[in-house]
Amino acid sequence: MKSDLQYENLNKLLVNVLDLGEKIKKIINKTIEALGNLDVNLSREINLFECEINKIEHEIENACIKILSLYHPLASDFRKVTGYLKFITDMERISDQCTDVCEIIISGSIDTNFFLDKILEMFKEVSGMFERVLNIIKNPNETEANEICIFDDKIDSLFSGIVHKICCVISDNKLNDTNKSAKNEISLEVRAAVDLLFVAKYIERIGDHCTNIAEWVIYVEKGFHPNLN
């Protein structure tokens, strides 16, 4: 039988997980803004959050370990604590992906907006995925969790389309050895294209982390972990 203290600790743990999720949501939205405007200053500001996110992750990890060691929770409570540990791991990795996007913005290599609209479209879809994920952590729903996992196929499709178009740009840029100026100009364009590929991949990975969290929500509720990613 659970004590009042155990209930209190589990509820506090959920509140802390959701608070971390809200911070991650803010980071995602700020990163979208920074990418849309190629805002170096905002990107640097976003990267300053990384230490705070890591600190919060470790605090929640320690709280989970404390509950496991003191109360030896069984069945659904054990699944909750395990699920919370998995949630925060993927949330922290989402923060890492946003930091990676910001590092590319800071580098200044993206000096053109080709395909940026498509990448931003994908990023906004992923942001919506994460918001849905926060909702099912707060109010678990197996059907919604499955739909989030299925939605990741759309993200993968958008990513594949972006990769194809950028690769076409790179392959179409044949360097003219007799024109050094043109060669340098093309090299800058190719560098921008390659960095945009990385940006697109980081965003696609955020979608994968959202799927991971949705799968763990199903585990917490149903006691089995589906592989839907």
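Read the figures in this text as sums done on the coordinates, not as results from a lab. Here the structure is a predicted model, which is why all the values come from computation and not from measurement. Positions of Cβ are backbone-derived with ideal geometry, glycine not excepted, and every protein chain shown enters the neighbour counts.
Efficiency by 1/(1 + (r/R0)^6): what FRET value for residue 125 and residue 222, r their Cβ-Cβ distance, R0 = 25 Å, to the nearest 0.05?
With R0 = 25 Å, the Cβ-Cβ based efficiency is 0.40.
Stretched out fully, how many nm does the piece from residue 12 to residue 69 gain, at 0.36 nm a residue minus the Cα gap?
Length difference between fully extended and current span is 18.8 nm.
What number, rounded to the nearest 500 deg cm²/dmol, is the helix-based mean residue ellipticity at 222 nm of the chain, given -39500 (n - 2.57) per DSSP H run of at least four residues and division by all its residues?
Computed ellipticity for the chain at 222 nm equals -30500 deg cm²/dmol.
Which listed residue (116, 68, 88) has the Cα farthest towards the positive end of the charge dipole for the stretch 68-119, taking +1 on Lys and Arg C-beta and -1 on Asp and Glu C-beta about the Cα centre?
Farthest along the dipole direction, towards plus: 68.
What are the radius of gyration and Dmax of the stretch 4-222, computed over its Cα atoms and given in Å?
Rg and Dmax of the stretch 4-222, Cα atoms, are 20.4, 79 Å.
What number comes out for the charge environment of residue 222, summing +1 per Lys or Arg and -1 per Asp or Glu over other residues with Cβ under 13 Å away?
-1
Compute the Rg/Rh shape ratio of the stretch 1-129: radius of gyration over Kirkwood radius, all on alpha-carbon atoms.
1.11
Measuring from label point to label point, each 7 Å out along Cα→Cβ, what is the residue 139 to residue 76 span in nm?
Reported label-point gap for residue 139 and residue 76 is 1.8 nm.
As a footprinting exposure proxy, order 102, 167, 64 by other Cβ within 10 Å, with the fewest listed first.
Placing the least packed residue first, the sequence is 167, 64, 102.
Based on the mean of other Cβ atoms within 10 Å per residue, sort peptides 128-140, 69-81 so the most packed one is first.
Result, highest mean Cβ count within 10 Å first: 128-140, 69-81.
Taking other Cβ within 10 Å of each residue's Cβ, how do 58, 209, 164 sort, fewest first?
Ordered by Cβ neighbours within 10 Å, fewest first: 164, 58, 209.
Quick one: if the Förster radius is 30 Å, what FRET efficiency do residue 59 and residue 201 give, using the C-beta to C-beta distance and rounding to 0.05?
Taking R0 as 30 Å, the efficiency between residue 59 and residue 201 is 0.50.
Taking R0 as 45 Å, what's the FRET efficiency between residue 23 and residue 172 from their Cβ-Cβ distance, rounded to 0.05?
Taking R0 as 45 Å, the efficiency between residue 23 and residue 172 is 0.60.
Using the structure shown, list the pairs from 12/80; 30/154; 118/154; 26/80; 86/138 with a Cα-Cα distance above 18 Å, or answer none.
Among 12/80; 30/154; 118/154; 26/80; 86/138, the Cα-Cα distance tops 18 Å for 30/154; 26/80.
Calculate the spin-label point distance for residue 116 paired with residue 187, positioning each point 7 Å from the Cα along the beta-carbon direction, and give it in nanometres.
So the two model labels end up 2.3 nm from each other.
Output the direction-averaged projected area (hull surface divided by four) of the convex hull of the alpha-carbon atoms of the stretch 7-78, in nm².
Dividing the Cα hull surface by four gives the mean projection, 5.4 nm².
Can you give the local net charge around residue 134? Use residues other than it whose beta-carbon is closer than 13 angstrom to its beta-carbon, Lys and Arg +1, Asp and Glu -1.
My count for the surroundings of residue 134 gives 0.
Give me 98, 51 sorted ascending by neighbouring Cβ count inside 10 Å, so fewest comes first.
51, 98
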